Every structure is written in structure tokens, then in C-alpha cells.
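Just so you know, all these numbers are worked out from the coordinates, no wet-lab data involved. This is a predicted model, so every value here is computed, not measured. Methodologically, a virtual Cβ is constructed for each residue, glycine included, from the backbone with ideal geometry; neighbour enumeration extends over all protein chains shown.
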């Protein structure tokens, strides 16, 4: 910083920092204003960005001007613009202005919400914001919430709780080398998220003990097959530890019959975890409230406001009606935190103080609630409803276009903001169609005007569109669709 | 937003958003300018913040002005100001201007660095920034790095890798119900972080299988005791899966003899994980390079730039010379990500593309590298060195003051930025002293002028000071020390 700091040991001087904050405000505003003019995916190859970065760390501080210059010159050419309204990968993007203001304030405060005492406002705002999410998506108030970074981590915690009640002293003794514990298995549909396998690997229960249950024509779990699988396993001596039902699968946003699955889980005393990471959001709509039907019977439910409730990365909410179990697995207060832990001292009346560190792996917990609080208040319940409803309308519209345009056809029923489809010219073998559809996605993405992904359904490659950005309008979807058709025509013509 | 958005379905209109970004720039600048005038810890009781928040989510969107008003009126009175230069809890605070600018830019971009393809710049910047951390703290270039949110999660990943090589098909079959796997045990000092227990709980290995090894007078692991403990366990038929050595323990910043521990671990084919989450940073100083001696023999090392390398929450770096093992545990590419995964396609020459999702639980990965890159460049290696050296000087100064001021005495050798001490008037029983020291901390914190924590060492309550904020100067430490002495005198006089 070459003499510009408050002495060589301090921070950027106040005046300079204020000026840079304003420069950054303009940078952000300019970025948002021009995002549609940008190619969504950059034309870079692996190593290109690195080649333009200094290999070694600078020996001496550099002026912020130079660093911000390199942000534009080196970093930005390697950015995929997830916030572009025609970025239709994954579930769209949750970038928005109000939440961004919340992120900025949270970054300036830089508190850690591990105990109530170290961050009363962050802790209480987390509780309040989670109660809003719970109300929006129709989860009973008997469920307690906690924020993690991702749904993968939330599901890991849920299955850790399920494991805890599967035998005695699991936390204390573990599960290795024990004759009193059988193999524990988890059941999820063949469309469920891969985080179930990752959680089972981490928990020491093994990837092979995730039993993938077949799905019906609409990619919903076949409950009869679930019942049969569990019965077979029980006869073999393994124990059904948990069932994971999905509300809004990753590929097609299909919704498992949660109520029926709950009955099966209950009959076997298995933990029911509902993965509503994406699909929980649609239950904000009165007309789609049924998507979460049966979820009230779950032991735990994950909903990701960072997927479709307009909260930017990262913010995943786990709700459980058995917080005592979660706490029994994770509460552990070392001496250096005891003075700040609520359990250790009289909280002088008033409400109970929650120390969220007692419900999870992480101690360092960013003030994530602030961005959610700002977005939820700025949009309001009506505003969130109307945006989600519009995304559903756009997805249905695209599905209608697909259905009326051979050789395209839907590869799955359109659900929520997700449309999966496939070009399947009658003259082409299925494998050729796979290659064609993959090439269409690549070609469209190469234009920079839209960004799609593909997925595999019933072993066939499909094009997948996810709509979830507040900036996405009918014209963006139409542009993407036009590009898809053009790419398909050109690729087919080139054969 | 009452008619202020780009239609009812969009985002905040561009002009309004630009104005609010500038307002937020001033809010942040004002906060930073006035942070020293604020009481560090607020006088709130549990429920106070909640009582001032709207109980329910607003039905309609609210103007940003009102929300930002409530940020000041409702949220701020419940904030503990971690960034205050006299906040001496934990390891101090890593707030700083350059990193804050990086957080703002990252929030605006809102990309997820799960695969190279979905975020080339975020992925490559992560690699580059990690190489800088590696060089700064003296980790060999044969170690590959990855960023997680917290050290707890990093240690979980390290021990998952250790578990994987402890038996066949651990990932696939898990560890439950297997006769071929013994109980797996982990060894760590009685001063090691509680994340070791949390990781062992999560991994299904059990809290009781963390063997806490006694420490010497300087709170360093007793290697003879480690050797004995492992030998005893091996005779009993359990397997030493891993040893965790700590460089900079949480209570006293003590440094285990890593080289000697490495020899013991190697003799038993146990994984060596070095928890240098805090202490790795001190090795930036040439005169303290020895703190990391022996770490080059480790299988994995965690260093938290968000503890003492001026990167705000959250940013924890795991380095491993066995990335193949980490990948063998965690790589799992579902169909809906296959198109964006590097492994699935020709990366068209150039450097290999890393998909960081293959090395961890999380898929959603914020662009954390940007804030680190900005802070490291703005301060430079010299600037980071001089700041860390100053923090060590301030800690040594406080230790000298303590030593020359009865009835205070050091409770542990001063190390790095950490000073643990205790008022022990000769007339008082040890239990009375415990209560006295706890009360001193509470009284000092109640003044709002400084923030300390306490810890327990050898079953006695001590006052703990952690210095790590770039804004902290000698006068802040002196103020805290004056407050401590005043509180002790007053409390003792009141008996």
C-alpha cells in the first residue's frame, strides 16, 4: 500500500477506504447494469487465468487501484456470469440487490454466530428468518431450524442424527468393531441428490448402503419398490436407518409421495429426511402447497433459500422436529468457549439463548441471516410468491414450446422452474441423439447468450433448463429456446 | 418495494440500487470510522433483538430505506463488534479493508466454485492463493490445497482420508458391521481443538476413540506418553488411525513437537494431521519458521487464513500431500453435473482443470479466494509479516506487564498473539481465584472497552487475550490491561 495505510501496520486509511468503497459501489452497480451485455461463459481454457496472475505473492503491498484493475483485467475474463438472466444452469441464480446489501453489511461486521453471546443479533436474526422460511414453505412450528452452508452439509447432519438413534452410544463409541450394530441402510430414489451418498461415506456407513429405489414415469419414488427393498434388507439383517424423500429432484424437480413414504419409514422406525432443498420454495405458492404434503411427518427437512428463495450463496436451512437428537450428536463445549456458551451460565431471564454451534460441526458461522432478512423484507411474501409463480409460468411456457416443436420432446414432465427435453429426430439412434443433445448444449453455451446444462434420464442425455433468477423474463427464455433450435438444426444439417 | 422495482417481478431498479450501494458504502465506512467509539459487547439479553423484530414476514415488500433503518435500529444494538481493535477474544479479528472489497465483489458475482467450468477464475484464483499461503507458512509445494469454510470441516476431511486408508472399501462398504476392521483411534494432546472429537463423532469412529495425550509444562504434547498410549492400544487390538499435532493450540498457542510426533505416527503407519489453523500464520516470520518444523512430514495440514492471515470469515485451507486419497473419498459426479465436470471431457490442452467439488462434501462453494487475494496483495508478504510480528510484540509486552504485576501471573508461556494469565492473590483458595478471574473477564467485557475470554488450564480458570486485528495497537492492549487490573482490585476489595 506504499505509504498509504495508517502506518505500516494498520488498515487502509479511512478516507482512502471510503473512496474505494464508493468505487466498489460503482463497480457493482456497473456490473449489474451491464450483465446482460456479457457473454455468460468465458472463452478461457484451463490455466488461462493463472497465466495472467502473478505466480508469486508480492513481496510488498500493492495499491488497491492496481488490484482492482486486475480484478477487471484478469479475474473478470474468467467469470461465468451466474447472475445473467439467461444463465439457466442448475436452479438459476439467486443474485439480487437487497440480499447483496445484506452481504456487504455482514462482511463489514464479520461476526461469528457460534454462540448467542458472541453474536446476539446474528443468532436471533437467524432464528427469526428461519421461522419465516418455515412459515413460507409450510413446515410446522414444532420444527427447529439451523442454517448451514449447503444442503450437502445439512443432509449430513440429518443422517448423523438418524444414525445416533439407531443404536446405543453411537456418538461415544462409534460404529466400528461393534457386534451389536447391524449394517445401517438409507433409501432414496434413483433421482435423489448425490449428497446422500456423500453423507453416507462421511458417516462411515458406506456408499453401497444407499439403496436407490426406482422411480415412476414422472421420476417419483416407487413406494411399493421402497417397501420391498426395505423388507428384503430387514430379512437379510440390515437395518433401515433412514429414508430420504425428495421434493424437487435435481434433474427434473419431481416430487416423491412424501406421505406414503413417511408411512413406510414409520413402520420401520426409520428416520425420514425430506430433501426439499430446491422444491420447498414452490410451496410458497398456495396453488403448489401440496408439494410439501407429508413433509410435516418428517424428522428433518432441508430447504435451500440459496436455491429458489432469493438468498445468495451460501444459505441452507435444516429443520428438524428432533433438535434434541441433533444436539446430542453435536453439542460439545470446550473450555475456551465455555464462558461464552449459554448453557454454562444464567441467561438472566428472558428467552432461552440458542448457541447454534451446539447443532453442528462448524464453529465459525458467518452472519448469513442478514442477507436473507433483507431479501425477504424487500420482496415481501407477495413478492416472493409472484416471482416464483412467474418462474413456473416461464418453465411451463418453454415446455409448451418444446412439445409443439419436433424433433424436440419433453424428457420429463415440466415441474417448478425445471424443464428437461431432448431433440430426438426419428432418423437417429438413441446414442446419436445423446451426442446431438450434448452438442446442442455446448453450442448454445459457446454463444455466450444463454447457459444450459444437460443431465441423463433413463440413460439418455437431455437438455436441462432451470429458471430461478429474478431478472429472467420471457424474452430470455425465448432467446435460449431460439438458440437451442438453431444449434440443433445446424448440428443435424452438418451430419 | 412499493412500485420501485423493475416491475413487480424484477430486482431493485438500477438507479435505486446504485444509490443504495453508495449509501451502503458510506454505512460501511462510517461503521469502520466509528468502531472504536462503540461498546464492544452490547447490553442485551436473550430475546431483546427478537422483540424488536417483526414477528412475521411482511406480506408486501418494504422500501430498502426502512430495512436499512432497522439494520441500525434493531440489528446493530445486538452486535458484538468483533472488528473493534480491543476485541481480544479468540484470535482477534481478521476484518480489513482490502478483504472487505473482495467480499463485496464476490457477493456481486455470486458464483459457485464447484467445477472449473462453472467458475474458471474462482477455481484458478483459489489454486493461486493457496500456493501463496503454502509459501508463506513454509509448506512444501508437493501439498495440494483446498478451501473449506472452517477448520472443523477441514479436519473432518483429513480424518476421513485417514479412515479411508485404514481398511479396504471403507468408502464403499462403510465401517459398521465389519469383522475385518478394528476400532480406529486418533491421538491428540489434551490441548487440541474439540473439532477432533466432532470429526470422530461424524465419521462414526466415536468420541471415546480420541485419546487425549498429556502435555508438558508448556502445554506441548508429551511424545513419550503418545508412544505409550499407542503401544497400549495396539496391544489391546485397536488401530492407531491418525495423530493430530497442533501448531498453536486454542487456549495457549502452544506448539507440539511435530517432528517427533511424525516419527511415532510413521512407525505405526498412522496418518499425521497438523492443526496449524491458528499457528501456521506465525511461520510467515523468518524468526518463527520453526513453529512449522516437522509439518512437512504430515499427511495433511490445516491453516486458517481467517484466523491470523487477514482473511475474514470464512476461509480455512487444507493442504495434503495425498490428494489422491481425499479424491478417492469424495469424488462423485452425478449426471446433472457431468457436463460441467472436467474429468468427463477433454480440457483441450493447457493445465489440468481442478474441480474442487471432487475433494469435499460441499458442492456450493462461494468465491472465497477473492477476498484473500485482495488482502494478500494489498498487504504484501512484508506487510503481513510486519503485522504478525507486531501482534507477537504486543502479546510479549502484555506478558511482561503481567509478570511484573502481582497478584497476576502468567498461566502459560506467552506464545504468538496469545497471553493466558491469572490473578492469584496469596490469600485466596484456588476456587476463589477461579471465581475472581471469571468475574474480572465479565466486568471488563461489561465496560464495553475491551473484550476478553477465559479458558481453563490444569483445571484452573484463566484470563485469555488473543491479538490479531490489524487495528490493534499498544494503546488498546494497555487499555485492556488497565481495565483488568482495575476490575481485579475492585472485585478483591468488595469481598
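Under the √(5λ) rule applied to the eigenvalues of the Cα gyration tensor, what semi-axes describe the equivalent ellipsoid of region A:102-173? Give them in Å, descending.
Working: eigenvalues 147, 61, 28 Å².
Computed over region A:102-173, the values are 27, 18, 12 Å.
222 nm [θ] for chain B, helices only, -39500 (n - 2.57) per DSSP H run of 4+, per residue, to 500?
Numbers: 16 runs with 203 residues, N = 495.
It lands at -13000 deg cm²/dmol.
Considering only the Cα atoms of region B:429-495, their convex hull presents on average a projected area of 4.8 nm².
Find the Cα radius of gyration of chain A, compare it with 2.2 N^0.38 Å by division, and give the number to two decimals. Mind showing how you got there, number by number?
Details: Rg = 24.6 Å, N = 495, 2.2 N^0.38 = 23.2 Å.
Cα Rg divided by the expected 2.2 N^0.38 Å: 1.06.
Once you reduce region B:203-234 and region A:373-436 to the center of their Cα atoms, the two points are 56 Å from each other. Among A:220, B:409, the order by Cβ neighbours within 10 angstrom, fewest to most, reads B:409, A:220. Legend: Rg and Dmax of region A:180-233, from Cα coordinates, 11.7, 41 Å.
Label points for residue B:63 are taken 7 Å from Cα along Cα→Cβ. From this copy to the others they lie 4.0 nm apart, shortest first. Taking every Cα-Cα distance in region A:259-357 and sorting them into 5 Å bins starting at zero, the pair-distance distribution P(r) comes out as 2, 11, 15, 16, 15, 14, 12, 8, 4, 1, 0 percent. Nearest to the axis that brings chain B onto chain A is this chain B residue, judged by its Cβ, with the distance in whole Å: B:204, 1. Looking at the protein assembly as shown alone, DSSP beta bridges between its own residues are antiparallel in about 55 percent of cases. Shown for residue A:328: label points 7 Å from Cα along the beta-carbon vector, and their distances to the equivalent points in the other copies, 3.5 nm in ascending order. Among A:333, B:115, the order by Cβ neighbours within 10 angstrom, fewest to most, reads A:333, B:115. With viscosity 0.692 mPa s and temperature 37 °C, the Kirkwood radius over alpha carbon pairs of region B:395-436 converts through Stokes-Einstein to a diffusion coefficient of 309 µm²/s.
The tail of the calculated P(r) for region B:350-448 beyond 24 Å holds 54 percent of all Cα-Cα pairs. Distance between the 7 Å Cα→Cβ label points at residue B:235 and residue A:55: 5.4 nm. Within chain A, antiparallel bridges make up roughly 55 percent of the DSSP beta bridges whose residues both belong there.
Measuring nothing but how far apart in sequence close Cα pairs (under 8 Å, 6+ apart) lie, relative to its length, chain B scores a relative contact order of 20 percent. At an R0 of 45 angstrom, the distance between the Cβ atoms of residue B:45 and residue A:443 translates into a FRET efficiency of 0.15.
Ranked from largest, the principal axis spans of the Cα set of region B:111-366 equal 54, 50, 27 Å. With the convex hull of the Cα atoms taken as the outline of region B:74-204, the averaged projected area works out to 13.1 nm².
Please order A:313, A:181 by the number of other Cβ within 10 Å, starting at the fewest. Each step should come with its number before you reach the end.
Working: A:313 27, A:181 21.
Neighbour counts put them in this order, fewest first: A:181, A:313.
Converting the Cα gyration tensor eigenvalues of the protein assembly as shown into ellipsoid dimensions via √(5λ) gives semi-axes, longest first, of 44, 33, 28 Å.
Just so you know, the averaged projected area of the alpha carbon convex hull for region A:11-103 sits at 7.8 nm². A label point on residue B:23, set 7 Å along the Cα-to-Cβ line, lies at 2.5 nm from each of its counterparts in the other copies, closest listed first.
Need one number: % antiparallel among DSSP beta bridges in region B:111-366, to the nearest 5. All intermediate terms of the calculation are to be shown ahead of the outcome.
Values: 11 of 28 bridges.
So the antiparallel bridges amount to about 40 percent of the total.
When each pair of different Cα atoms in region A:194-312 is counted once in the 1/r mean, what is the Kirkwood radius in angstroms, to one decimal?
Working: mean 1/r = 0.0676 Å⁻¹.
When all Cα pairs of region A:194-312 are included, the Kirkwood radius is 14.8 Å.
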